[in-house]
Each structure stands twice: as C-alpha cells, then as structure tokens.
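Each remark here refers to the structure printed beneath this line.
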Amino acid sequence: MGNVVKFAVSISGGEFKELEALRKKKGLSRSEFIRQTVKLWKEEKEKKKLVKVYEDGYKRVPENLASIEAWEKASLSAFSSEEW
C-alpha cells in the first residue's frame, strides 16, 4: 500500500452509525471501508464523465434515419448468415 496517511473526518452521529452498520455488515475495517468507498466514488465519477462525452458526441453528430436504417440492414444481413 506504500505511504499510508492517517487523517480525521468529522461526520454527524447518524452518518457514523450508518457507516458503522454498513462496514460491519461487510466485515471491513473502517480504513478498508473508506478506501473501497473512495474507489467506487472515483469510478462512478469517471463513468459519468464518459457518458457525458458519449452524449455530447451524439449531440454534435446525431444519427439520422438513413444511417440507422443502413446499420439495421447491415446487422440483419450479418446475423442471417450466422448459424444459430
């Protein structure tokens, strides 16, 4: 894990009880629970960023009916030659 840093965090009593219940249910130490939570938060943030890039791309270059129909035709012809 390399260089480990300890730090203090202030949260409400209710949030602490909720955190404790969740981490105990998972059988994790507080440190591991926080590490996993931060990792999941970072992953979710990255996913949201990628979705926004994807959506912005479609806004800049939207699909039109002709291209959708062409993809559909190509897909159907490709699948029809497959043995199922």
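Name the residue, out of G27, G2, G14, that is at pLDDT 90 or above and over 24 Å from the mean Cα position of the chain (by Cα). Let's see the steps before the verdict.
Values: G27 fails: over 24 Å from the mean Cα position of the chain (by Cα); G2 fails: at pLDDT 90 or above.
Step by step, each of G27, G2, G14 is checked, and only G14 is at pLDDT 90 or above and over 24 Å from the mean Cα position of the chain (by Cα).
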Could you tell me whether any residue of the stretch 44-66 is within 24 Å of the chain's Cα centre (by Cα), part of a loop (DSSP other than H, G, I, E, B) and at pLDDT 95 or above? no
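The values are calculated or read from the model by the stated rules, or taken from the named source; none is laboratory data. Keep in mind it's a predicted model, so treat the numbers as computed, not measured.
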